[in-house]
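This report concerns only the one structure given below.
The values are calculated or read from the model by the stated rules, or taken from the named source; none is laboratory data. Just so it is clear, the model here is predicted, and its values are computed rather than measured. Heads up, the Cβs are rebuilt from the backbone with ideal geometry, glycines too, and the neighbour counts pull from every protein chain shown. Quick note on the areas: whole protein, heavy atoms, side chains included, nothing else; ligands and nucleic acids left out. Shrake-Rupley method; radii C 1.70, N 1.55, O 1.52, S 1.80 Å.
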Amino acid sequence: MGAGSAAAGERPCVLLCVTGCIAAYKSAEIVRQLQKRGARVKVLMTEHATRFVGPTTFRALTHEKVAVGLFDDPEDPIHHISLAQEADLVLVAPATANIIAKMAHGIADDLMSTTLLATRAPVLVAPAMNVQMWEAPATQDNVRVLEGRGVRVIQPDSGYLACGDVGGGRLPEPSLIADLALAVLGQGGPLAGEHVLITAGGTHEPIDPVRFIGNRSSGKMGAALARAALRRGARVTLVLGPATAEPPAGARTVRVETAAEMLDASLDAFADATVAICAAAVADYAPAHPADHKLKKSREHLDRIELRETADILAALSARKQGRTVIGFAAETSDVVAYAAAKLARKGCDAVVANDVSRPDSGFGSDTDKAWWVDAAGAAELPCMTKDELAGEILDRAQELRRCAK
Ligand code: CTP
């Protein structure tokens with residue numbers, strides 16, 4: 001086996017590269033999660049990683065020799081080549097800024113970096129580090145270089161970091177990393193190779209520097225769609241307006257404020273996306289002349305605000321579809337299917353997910369939705385389900401549309 005050649009019935013081999021980072025202890029759980037999903041796991045550690053967690057832990061979990069030094073295995077004088085060839089997937093988790101830099105520049109000065117240079121297997125990288133190191137232009141440039149070469153880089157989680165800082169740089173949940181690894185391996189990844197763009201959240205349209213017109217969108221549906229797409233192996237870009245929902249680690253999240261910014265970010269991501277799902281609650285109107293200073297209620301007319309229509313992002317993406325798949329949402333309180341069918345025709349998209357927001361168990365703020373899937377073939381009524389279940393249903397149907405489009 002090796003380089004993606006796991007034959008049917010054979011367990012695919014994941015080479016887990018553990019680097020020197022406090023999150024290295026989580027790699028033990030990544031091993032378990034990969035094994036639970038049917039993978040054989042071999043572990044390669046840097047010398048620094050062994051300061052955080054002992055090779056014995058991985059030896060016991062994997063029942064395989066743990067590779068550390070270039071010259072450690074006297075039976076295998078060219079250890080980096082055999083490790084590189086045996087792997088069906090190389091997973092670097094946690095990946096320090098140092099290993100990312102070495103990979104970007106082709107530096108091969110220890111067993112891990114030589115193996116990474118030598119492998120032909122797909123490579124998945126899960127960075128974990130201090131937020132300043134993650135956001136440093138050098139690290140971000142290196143990540144872009146790797147992505148440009150087809151390496152999948154999992155966006156780190158945000159939150160409390162071991163150094164005391166709060167921000168991006170946390171290693172995502174081991175179960176998510178294992179899901180993505182299996183999806184990259186093509187095992188259980190029906191959307192592998194697809195790039196799914198999702199718009200989510202609301203928008204804030206400025207009246208002046210302190211006031212805006214906005215809505216209460218939570219962004220929950222968009223976050224659920226992003227999770228569902230990631231778990232099916234897709235690359236995900238989440239264009240997220242103001243919202244309370246946490247974007248999932250693993251998605252590339254682009255934060256925006258206004259409808260105009262959401263349009264720009266969406267058109268940008270759509271350049272190489274294959275599926276777009278517009279779940280954002282975009283403000284339909286924005287102040288025509290936002291003030292560049294705070295308006296005074298005594299002197300300026302705050303009782304009348306001239307509005308202009310915002311750009312329709314769903315319609316704009318649909319107009320540029322060219323064989324890609326575009327899906328929209330509709331919030332309706334009556335004649336749900338008829339209005340959704342009219343929206344499908346008006347916006348030019350492939351399908352509309354129509355929510356009946358008149359029901360207490362559906363729509364804004366609720367954790368469940370009663371929806372209909374409306375496409376060129378007609379309308380399908382879906383049972384009332386959680387947003388995560390609905391997201392899965394939408395992605396399954398999107399996958400079917402992709403299959404028909406190919
Ligand atoms: N949408 C968009 N850009 C806008 C407005 C809406 O991309 N400027 C998208 C939404 O993300 C959603 C769909 O279009 O996918 C909803 O269409 P819309 O016409 O806004 O529907 P409703 O909000 O239901 O409004 P109405 O029924 O009044 O037309």
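Within region 229-246, the set of residues being β-branched (Val, Ile, Thr) and open to solvent by 10 Å² or more (accessible area, probe 1.4 Å) comprises Thr244 only.
State whether the residues of region 97-105 include one that is open to solvent by less than 10 Å² (accessible area, probe 1.4 Å) and within 17 Å of Phe52 (Cβ to Cβ). There is at least one residue in region 97-105 that is open to solvent by less than 10 Å² (accessible area, probe 1.4 Å) and within 17 Å of Phe52 (Cβ to Cβ). When region 247-286 is filtered for residues that are assigned to a strand (DSSP E or B), at pLDDT below 95 and surrounded by fewer than 19 Cβ atoms within 10 Å (Cβ to Cβ), only Arg252 remains. Considering region 159-178, and only residues there that are free of Cβ contacts under 8 Å to residues at least 60 places away in the same chain and outside any loop (DSSP other than H, G, I, E, B), the residue that is most open to solvent (accessible area, probe 1.4 Å) turns out to be Tyr160.
Flag: Leu230 does not match the condition of being more than 10 Å from the ligand (Cβ to nearest atom) and either among the basic types (Lys, Arg) or in a strand (DSSP E or B) (or both). When Ala226 is tested against (1) closer than 30 Å to Val353 by Cα; (2) surrounded by 17 or more Cβ atoms within 10 Å (Cβ to Cβ); (3) outside the structural domain of Asp272 (by TED's automatic domain parsing), only condition (3) is not met. When region 19-52 is limited to residues that are surrounded by fewer than 19 Cβ atoms within 10 Å (Cβ to Cβ) and either among the β-branched types (Val, Ile, Thr) or outside the structural domain of Ala126 (by TED's automatic domain parsing) (or both), the one that is modelled with the highest pLDDT turns out to be Thr50.
If you go through region 237-284 and keep only what is aliphatic (A, V, I, L, M), over 20 Å from Gln399 (Cα atoms) and without any contact (Cβ under 8 Å) to a residue 40 or more places away in the chain, you end up with Val254, Ala265. Residues of region 31-67 that are assigned to a helix (DSSP H, G or I) and within 16 Å of Met112 (Cβ to Cβ): Ala49, Thr50, Arg51, Phe52, Pro55, Phe58. Total residues in region 63-84 satisfying the condition of being of a type outside the set (A, V, I, L, M) and crowded, with 18+ Cβ neighbours inside 10 Å: the figure is 2.
At least 1 residues that are within 16 Å of the ligand (Cβ to nearest atom) and open to solvent by less than 40 Å² (accessible area, probe 1.4 Å) in each: list the strands (runs of 3 or more DSSP E) lying fully within region 287-406 that qualify.
Those strands (runs of 3 or more DSSP E) span 325-332, 351-356, 371-375.
Checking each residue in region 115-153 for being surrounded by 13 or more Cβ atoms within 10 Å (Cβ to Cβ), free of Cβ contacts under 8 Å to residues at least 60 places away in the same chain and not in a helix (DSSP H, G or I) picks out Val123, Val125, Ala126, Pro127, Asn130, Ala136, Val151, Val153.
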